[in-house]
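Participant: After the structure tokens below, expect a handful of questions from me.
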Amino acid sequence: MLEHLGYIDSYFNKELSAEERRIFDQRIEQDPAFAEEVAFYLNAFDSVKAELASQKKARFREIYQEIRPAQRPGLVRRFWPYVSAAAVTIALIFRFIVFGGGVTPLKLAEEYIHDKLDLIHPVMGNTDTLELGKKLYNEGKYNEALTLFEKLVESNNSKDLAIEYAGIVSLRLEQYDKAIRYFTQLENTRLKVNPGKFYHALTLMKRNLPGDEVEAKKLLEDVINDKLARSDIAKEWLDKW
């Protein structure tokens with residue numbers, strides 16, 4: 001079992017790509033032995049979640065050794081209803097593990113990115129370049145999607161949306177400076193519902209460098225005062241800081 005601990009831990013710490021997460025979810029449903037390992041991870045997590053991250057794996061191993069092999073069979077039967085419904089359960093478990101505890105701007109940003117920016121909704125029946133970029137993004141092919149969106153920005157076709165999507169993909173690729181450039185550019189477009197300033201703040205919260213939190217807070221205050229897109233979320237976040 002222990003050889004998969006790092007893999008399971010990486011999943012719940014959102015260190016896997018979209019394709020790797022899809023394979024992980026599929027494996028839970030198709031491989032009972034692997035599902036048992038995930039079930040044990042979840043069962044043991046309550047015992048280690050309060051410890052420092054650097055101590056978690058060591059403590060997990062200690063707990064595992066304390067439970068006799070004869071006691072471990074049946075974990076799947078007890079936890080299978082929770083781990084088999086991957087589409088719902090994994091999202092809840094992820095939020096509990098990653099976003100539990102004290103609220104910080106970084107956690108708020110990560111939660112929003114995971115919940116709201118995992119997919120870009122396509123326009124059914126439309127096959128233009130913008131929609132192809134969305135399709136690539138939804139498949140986790142971020143670099144290819146960014147290339148298409150950037151070409152659209154350069155060619156001025158669907159420019160406003162292309163700028164927004166290029167910024168979002170750059171954020172997902174953790175190219176924070178590029179994302180900020182796109183979102184700053186987006187702020188100056190004529191989009192009726194313009195999320196540029198909100199996304200700019202979101203990127204700073206995720207980047208989490210010295211001074212980013214203060215600047216992000218100012219941007220969110222502007223979003224609220226000027227009644228810009230996502231002002232309701234901005235207010236909710238500032239109330240939690």
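The values are calculated or read from the model by the stated rules, or taken from the named source; none is laboratory data. Keep in mind it's a predicted model, so treat the numbers as computed, not measured. Virtual Cβ from ideal backbone geometry, glycine too; neighbours counted across all protein chains shown.
Participant: For residues that are over 17 Å from the mean Cα position of the chain (by Cα) and surrounded by fewer than 11 Cβ atoms within 10 Å (Cβ to Cβ), scanning just the range 111-134, find the one that is modelled with the highest pLDDT.
Facilitator: The extreme case among them is Val123.
Participant: Shifting gears a bit: Mind telling me which of the residues Asn194, Asn188, Asn156 ends up being buried (at least 16 other Cβ atoms within 10 Å of the Cβ) and either free of Cβ contacts under 8 Å to residues at least 40 places away in the same chain or more than 24 Å from Leu16 (Cβ to Cβ) (or both)?
Facilitator: On the way: Asn188 fails: buried (at least 16 other Cβ atoms within 10 Å of the Cβ); Asn156 fails: buried (at least 16 other Cβ atoms within 10 Å of the Cβ).
Answer to the selection: Asn194.
Participant: Sticking with this structure for a sec: Only residues in the range 208-227 that are assigned by TED's automatic domain parsing to the domain that holds Leu186 count as the first member; pair them with residues that are crowded, with 17+ Cβ neighbours inside 10 Å and aromatic (Phe, Trp, Tyr), Cβ under 8 angstrom, at least 6 apart or cross-chain, and list the lot.
Facilitator: Short answer, once both residue conditions are applied: Leu219/Phe198; Leu220/Phe198; Leu220/Trp237; Val223/Phe198.
Participant: Assess whether Leu146 counts as being in the same structural domain as Arg172 (by TED's automatic domain parsing), under 26 Å from Met205 (Cα atoms), modelled with pLDDT of 95 or more and not hydroxyl-bearing (Ser, Thr, Tyr).
Facilitator: On the way: in the same structural domain as Arg172 (by TED's automatic domain parsing): yes; under 26 Å from Met205 (Cα atoms): yes; modelled with pLDDT of 95 or more: yes; not hydroxyl-bearing (Ser, Thr, Tyr): yes.
Against the criterion (in the same structural domain as Arg172 (by TED's automatic domain parsing), under 26 Å from Met205 (Cα atoms), modelled with pLDDT of 95 or more and not hydroxyl-bearing (Ser, Thr, Tyr)), Leu146 qualifies.
Participant: Kindly indicate which of Ser158, Ser170 is of a type in the set (Gly, Ala, Ser) and modelled with pLDDT under 95.
Facilitator: Values: Ser170 fails: modelled with pLDDT under 95.
The unique qualifying residue is Ser158.
Participant: Another question, then. Filter the range 1-39 for residues that are over 21 Å from Leu136 (Cβ atoms) and assigned to a loop (DSSP other than H, G, I, E, B); which is farthest from the chain's Cα centre (by Cα)?
Facilitator: Out of the qualifying residues, it is Met1.
Participant: Then there's this: Would you mind listing the helices (runs of 4 or more DSSP H) fully within the range 137-241 where at least 1 residues are within 17 Å of the chain's Cα centre (by Cα)?
Facilitator: Details: elements: 142-155, 159-172, 176-187, 196-207, 212-225, 231-240.
The helices (runs of 4 or more DSSP H) meeting that bar are 142-155, 159-172, 176-187, 196-207, 231-240.
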